[in-house]
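Every number here is computed from the coordinates shown, using simple stated rules; none is lab data. Computed from a prediction, not measured in an experiment: that's the story for all the values here. Reconstructed Cβ throughout: ideal geometry from the backbone, glycine too, with neighbour counts over all protein chains shown.
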Amino acid sequence: MVERIKQLEQLSSPINPGAEERKELLNKVLEYSENFLNNINTLPAYVMTEDKGKGIYDYPFTPEGAAIDDVLKILKENVDTPGLNPASGGHLGYIPGGGIFHSALGDYLADITNRYAGVFFASPGAVRMENMLTNWMADIVGYPRTAGGNLTSGGSIANLTGIVTARDAKGIKGKDVEKTVVYLSEQAHHSVDKALRISGLAECVLRYIPLDDNYRMIAGELEKQIKEDIKKGLNPWCVITAAGTTNTGSVDPIEEICQIASKHNLWVHVDGAYGGFFILSETGREILKGLDKSDSIVMDPHKGLFLPYGTGAVLVKDKMSMLKSHYYEADYMQDSLDSKNELAPADLSPELSKHFRGLRLWLPLKLAGVKAFEAALEEKIQLARYFYERMSSVKGFEMGPYPDLSVVTYRFIPEKGDADTFNKQLVNEIQKEGKTFISSTMLNGKFTLRLAVLAFRTHVETIDTLINSLIEKSGMISNQ
Ligand SMILES: *Cc1c(COP(=O)(O)O)cnc(C)c1O
C-alpha cells in the first residue's frame, strides 16, 4: 500500500514544481508579460480575427504536461490577440478595464500564500486587510464608523449584496413583494434588474423616474411618485440611483434624492460601480456630493481604481444590516465564532471560500500611494472634457450633454442619408482601424457614439488619435 502511495506521489509531482523549474516558468512568464507591457502602446485596442480564438480547441488537455513555450504561444494566438484589448489605453468603449501592474504582483503573492480571507479565525491579518480597504472606501465616501463592506467579484454581485441587505433591513418578506415599490432610472444598469430578480423581488413595482436632458433622475418627479404610491396603499421601499450611469456617465442628484428618501423612510442604494471612485478627484468630489447620505453604495475597483477584472465593492452604512442578511451558522465552523473577532467577509456576503482580493488592492495603494489614483481620476475627467470641447468645433458632429464624469455621447449628422447608418459605419471603421476602440448605444431611439475614458493608460495623445480617426473616417464615409 505504501508503495502505491509513493508511486502516486511521484506521478503527481508535476503539480508541485521545484525551485529550478519555478525559476524557468517565472522567467518565461515574465518575458511574456514584459513583452506585452513594453509593446502596449503599439498593440491594437481591438483585433478582428477570422476564427475568433477558436484555435484554442485544437489543443485539448493531455495526460502529460506541455512545455511552457508552447503553452504561451497558444495563449498569445488564441486568447491575447482576438477581440478587445482592455489593457490598452486606446480602449475608450463600454467602461474600460484596468490591469495595473501592482495588482498582478498582489495576485501572485495572494495565490502563492493562499491566505484565506473569509473568516477571521483563519487569517486575522488578511481579514483586517480587507476590512481596512472597505473602511478606507467608507471614509472617502463619508460614511461613519458604523459602516461595513465587502470586496466582491464585481459590481453585479455588489449590487446584489446591497439590494438583499436593503430588502431585509426594511423587512420585505415574500408576501409583501407585490406592494413593494422600487424607484430607479431608465438608465439603471441591467445588473440592478438582475439583482432584484435574483433576490426574489421580480414582482415588485418598478417605477422609472423621468430623466432630465442630461439623463439624470428628476428628484421632484421621484417625490411626486412616492406620494402617489403611498396614497395607493403601496410600500415605497428603495431608490436605486446612479453615480455615473454606464451609458451616459450621468450622476443623479444624489443629495436631493437622499433627502426625499429619508423623509419617506426609503433605502437609498447608489450604483457607483463606474463612477463611485471619482470621489477621490477634485472635480468628482463636487459632482458626487451627497454620497454620504445614502444607505449603500457599490463601487468597482476594477473600474475606478484601474484594477484587473475581478474586484467590486459594496459598502453599507450600517454593517449590522449586512450581517443580518448574510450571517451563517454551521457546526463545523464553531472555532471561528468569537465576539472579539472583527466581522469578516463570510459574515457579510454570500461567499465562504473566496479569492484573497484584498491584496491586489492593498498593494497598489501602498506602493503607488493614494495621490496617484486621485490624479489619474482627475485626468480622466479632464480628458473627457477635452474631447467634448475639441469635438464641439468639428463640423458635422453633434455633441450630447456636457459630461458629468468621463463618458461623452455624440454622433455625426450627415448632410444626406440616414444618420444611424452613417454612425454605425463610423464605429465599424474605427474598430477596424484598431488604434482606438469606441462603442455605441441607443439614446432617445438614435444610434449614438460613446467615449468612455477610464483606462489608466489613456492620455491626451490617445484622445487626439481618436479625434483624428473620427475626422478622417467620417470624411471618408461622407465621400463614398
Ligand atoms: C459595470 C457596471 C455594473 C456591473 O459591474 P460588473 O463589475 O461588471 O459586474 C453595474 N453598474 C454600473 C453603473 C456599471 O457601470
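Neighbour counting of Cβ atoms within 10 Å sorts the residues 238, 258, fewest neighbours leading, into 258, 238.
Calculation over all alpha carbon pairs of the stretch 55-107 in 5 angstrom steps from 0 returns a P(r) of 4, 15, 17, 18, 19, 15, 9, 3, 1 percent. Take 148-154, 283-289 and order them by the average number of nearby Cβ atoms within 10 Å per residue, most first; the result is 148-154, 283-289. With R₀ fixed at 30 Å, the C-beta to C-beta distance from residue 385 to residue 433 puts the FRET efficiency at about 0.75.
So if we plug the beta-carbon distance of residue 203 and residue 224 into 1/(1 + (r/R0)^6) with R0 = 25 Å, what FRET efficiency do we get, rounded to 0.05? Write out the running numbers ahead of the final one.
On the way: r = 24 Å, r/R0 = 0.95.
So, using R0 = 25 Å, E works out to roughly 0.60.
Among 331, 300, 347, a tally of other beta-carbon atoms within 10 Å of each Cβ gives an order, fewest to most, of 331, 347, 300. When the listed pairs 293/380; 54/194; 170/366; 179/293 are checked against a 32 Å cut-off, the alpha-carbon distance exceeds it for 170/366. The largest-to-smallest principal axis extents of the Cα set in the chain are 77, 63, 40 Å.
Using the rule -39500 (n - 2.57) for each DSSP H run of four or more residues, divided by the residues of the chain, the 222 nm mean residue ellipticity is -13500 deg cm²/dmol. Ordering 260, 297, 322 by Cα displacement along the dipole of the stretch 115-360 toward the positive end leaves 322 in first place; charges were set at the Cβ atoms of Lys, Arg (+1) and Asp, Glu (-1). When the stretch 371-478 is described by a simple charge dipole with +1 on each Lys and Arg Cβ and -1 on each Asp and Glu Cβ, the residue from 399, 384, 448 located farthest towards its positive end is 448.
Dipole check for the stretch 321-462: with +1 at the C-beta of Lys and Arg, -1 at the C-beta of Asp and Glu, and the Cα centre as origin, the magnitude is about 620 Debye. Each of 190, 102, 269, 264 has some number of other Cβ atoms within 10 Å of its Cβ, and from fewest to most they run 190, 264, 102, 269.
In the chain, taking the dipole from charged Cβ atoms about the Cα centre, the farthest positive-side position among 312, 341, 146 is held by 146.
Working from Cα pairs under 8 Å separated by at least six residues, relative contact order for the chain is 22 percent. Think of each Lys and Arg Cβ as +1 and each Asp and Glu Cβ as -1; about the Cα centre, that makes the dipole of the chain roughly 880 debye.
Considering all C-alpha pairs of the stretch 115-360, those separated by over 22 Å amount to 51%.
Note down the magnitude of the dipole of the stretch 115-360 about its Cα centre, charges +1 on Lys and Arg C-beta and -1 on Asp and Glu C-beta and zero elsewhere, to the nearest 20 debye. Spell out each step's value before the answer.
Values: 28 positive and 31 negative charges, 45 e Å.
About 220 debye.
Among residues other than residue 363 whose Cβ falls under 14 Å from its Cβ, what is the net charge (Lys/Arg +1, Asp/Glu -1)? Kindly include the intermediate steps, with their values, before the conclusion.
On the way: positive: 115, 357, 360, 366; negative: 107, 111, 130.
That works out to +1.
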